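Q: This is the structure I want to talk about, given as structure tokens.
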Amino acid sequence: MKKLILPIAAIAMASFVACGDDSSPSSSSSSPKQDTLPASVEKFFDLDNNYTCSQTVNKCATVQVVGYSELAQCNGSQWDMQTLGNPVAGCDGTTPATGTPATTGAMVSCDVPGVMGECLEFPAGSAEAAAMEAQCVSVMMGTLGSGCAK
């Protein structure tokens, strides 16, 4: 009986191996990520799958995520969602070595009232300032200004 089962098992295993479809492209190969960002994406995962985020490409760039009505930002290694319009860690408007503001001059601010309120400010013309201007009044229910009181 053993002499009959072993050859049948070997033939069955060989037939399973031979049934693979090598003619179709592998699903593990993906298209290269794009460096140029659109103004918005439908889903957060579209960013990670399709757009480069590194220390040299798109660092601190922001993109509107339509599905969440929020902004996502590249922290230099991965895409993260901003919380209440605040920049993600590494893109908070300070230089990592000194912790001082990266730019001096005209500022754009958003004064958010309430117990958890705060005043957020960014250099005028920066991506963060543009994002804050877009969300200050409608999302954070704040007041736009030209700088926070010191």
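Q: Of the residues SER54, SER138, SER77, only one is at pLDDT below 85, among the hydroxyl-bearing types (Ser, Thr, Tyr) and surrounded by fewer than 18 Cβ atoms within 10 Å (Cβ to Cβ); which?
A: Exactly one residue qualifies, and that residue is SER138.
Q: A follow-up question, please. For the list (1) surrounded by 18 or more Cβ atoms within 10 Å (Cβ to Cβ); (2) at pLDDT below 85; (3) farther than 18 Å from ALA127 by Cα, I need the number of the one condition that CYS91 fails.
A: That leaves (3) as the condition not met.
Q: Okay, next question. Pairs please, first residue from region 63-81 and free of Cβ contacts under 8 Å to residues at least 12 places away in the same chain and part of a strand (DSSP E or B), second anywhere and surrounded by 16 or more Cβ atoms within 10 Å (Cβ to Cβ) and of a type in the set (Gly, Ala, Ser), Cβ atoms under 9 Å, 6+ apart in sequence or on different chains.
A: ASP80/ALA72
The values are calculated or read from the model by the stated rules, or taken from the named source; none is laboratory data. Remember, predicted model here, so these are calculated numbers, not experimental data. Methodologically, a virtual Cβ is constructed for each residue, glycine included, from the backbone with ideal geometry; neighbour enumeration extends over all protein chains shown.
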